[in-house]
Structure formats: structure tokens, C-alpha cells
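To start, the structure itself, in C-alpha cells.
All of the numbers you see were taken from the coordinates with simple rules; none came from a lab. As the structure is a computational prediction, the values presented were derived from the model and not from experiment. When we count neighbours, we look across all protein chains shown, and the Cβ atoms used for this are built from the backbone with ideal geometry, even at glycine.
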Amino acid sequence: MVDGSLSKAHVRVESFDRSILRRAAKPGVPALDDFESPAEPLPFWRTKRLEELDRDEWESLCDRCGRCCLNKLEDEETGEIYWTNVACRLLDHASACCSSYPNRHDFVPDCIELDPDEVVSQTYTWLPPTCGYRLIAGGRDLMWWHPLVSGDPDTVHAAGISIRNRVISEVDVPEDRLEDHLVDWPGLVPDGTTLPPRS
Ligand code: SF4
Ligand code: SF4
């Protein structure tokens with residue numbers, strides 16, 4: 001039994017600046033590193049702190065997994081977070097993106113906009129360990145499936161990280177029945193995956 005309060009959170013991207021995507025390696029095509037040329041500069045997420053990112057850089061750190069848009073229950077005594085597979089009513093289950101991002105607060109007033117300082121201070125205990133913001137705040141690199149690394153926005157789905165086709169909508173679940181939908185996977189690193197080391 002979980003005594004807790006429901007919380008929702010967001011941080012997703014509607015516009016995506018593809019110009020800052022790193023090129024993905026293609027089979028059979030020599031990488032730039034294979035040639036004697038000046039090393040490529042480190043990408044912005046390796047050189048800047050979260051607080052230093054501009055708006056486009058900040059938004060692009062979201063891999064669009066959709067995990068933070070799932071309902072969570074928090075034990076009021078211990079603070080422990082319990083995940084559910086019940087998604088915010090605005091979450092598109094195929095794209096894992098918010099279906100009404102610009103005016104989402106008209107429909108979901110408690111949708112949380114992440115603050116860099118709060119991410120760094122680990123206030124958001126419910127951010128999944130694979131979240132791009134949490135990885136960078138923890139001094140780690142992004143995972144291979146992140147669109148900024150792969151150059152492909154679909155890799156977050158192919159890697160089984162996104163919520164695509166794994167959730168149900170909160171419009172179909174009474175709030176007092178959320179406990180029937182507890183799951184572990186949104187708060188876990190997938191089997192066989194190791195988080196990048198801290199730099
Ligand atoms: S958990 Fe992090 S990376 Fe995933 S959608 Fe939310 S903010 Fe973006
Ligand atoms: S309003 Fe949009 S961004 Fe906020 S939790 Fe719901 S789906 Fe996610």
C-alpha cells in the first residue's frame with residue numbers, strides 16, 4: 001500500500017534544433033577521427049554546466065523518452081517514489097511527446113518545468129536515471145540512444161527507453177486506482193546497459 005501524493009513532471013521539446021545533432025557514424029564510412037585532422041571540439045553538453053546552456057541546448061538535452069510524464073506516487077513518510085505506467089492525459093503514446101506542449105498548463109497546471117539548479121541539487125528525485133538532464137547533472141555523458149549522440153530521434157524508441165506502446169492514459173484510470181498500475185521499469189536502467197562513467 002502506498003500512501004502518497006500524485007505528481008507529474010515534464011520537460012520535453014517541441015522544436016528540435018537538428019543543426020546541433022552530432023553526425024552518426026555510418027558503416028563503411030571512415031570517421032573523421034580516422035584522418036589526421038584537428039580533433040573535433042567537444043559537444044556543448046561536455047563543456048557547459050546545465051545553468052550555462054542556452055534555450056535550444058537545454059531543450060535538446062531531453063531525449064523524449066516520456067518517462068517523466070508518467071504518474072508517480074510518493075510515500076509521504078519516506079519520500080520513496082513509486083512509478084506507474086499511467087501517462088499524463090496529454091502524452092502521445094506513439095511519439096512519447098506532449099501533444100499540447102505550448103499550452104499544456106491550460107490542461108495540466110501541475111506540469112513541472114525543470115529548473116537547472118534543481119536538477120543539479122537533485123530535487124527531482126523522480127527523474128529516471130537515463131534522463132539526459134540527470135546524466136549531465138551527475139557529470140556523465142549522454143547515452144548512445146540520445147538523439148544528440150545518435151543523430152536520430154528514433155533511437156530512443158529503438159533502444160526500448162521511451163514509453164512508446166508501454167503505457168495507458170490517466171483518462172482511463174481513476175486516481176484512486178493508480179496503485180494497481182505500479183511498475184519498476186521507468187526508474188531503472190535497462191538490463192545490459194551501463195551508465196557512462198562520471199567525468
Ligand atoms: S525523463 Fe528526462 S529525457 Fe526523458 S522525457 Fe523527461 S526530461 Fe526528457
Ligand atoms: S503536460 Fe505534457 S509535458 Fe507535462 S506531464 Fe503532461 S504530457 Fe508531459
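At-a-glance table
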quantity	calculated
Qualifying positions in region 91-120 - farther than 11 Å from C69 by Cα, surrounded by 13 or more Cβ atoms within 10 Å (Cβ to Cβ), more than 8 Å from ligand 2 (Cβ to nearest atom) and of a type in the set (G, A, S)	S95
Pairs with Cβ under 7 Å, 6+ apart, first in region 117-145 and under 23 Å from G160 (Cβ atoms) and within 14 Å of ligand 1 (Cβ to nearest atom), second of a type in the set (V, I, T) and assigned to a loop (DSSP other than H, G, I, E, B)	P129/V189; T130/I161; T130/V189; Y133/V11; M143/T130; W145/I161
Residues that are surrounded by fewer than 17 Cβ atoms within 10 Å (Cβ to Cβ), aliphatic (A, V, I, L, M), in contact (Cβ under 8 Å) with a residue 40 or more places away in the chain and outside any loop (DSSP other than H, G, I, E, B), drawn from region 148-199	I168, V171, L182
Checklist (1) basic (K, R); (2) free of Cβ contacts under 8 Å to residues at least 24 places away in the same chain; (3) farther than 27 Å from P197 by Cβ applied to R104, failing item	(2)
Those residues of region 108-132 which are more than 18 Å from C88 (Cβ to Cβ) and outside any loop (DSSP other than H, G, I, E, B), in sequence order	P116, D117, E118, V119, V120, G132
Matching residues in region 97-142 - criterion: being closer than 19 Å to P153 by Cβ and touching a His at 6+ places or on another chain (Cβ under 7 Å)	C98, G132
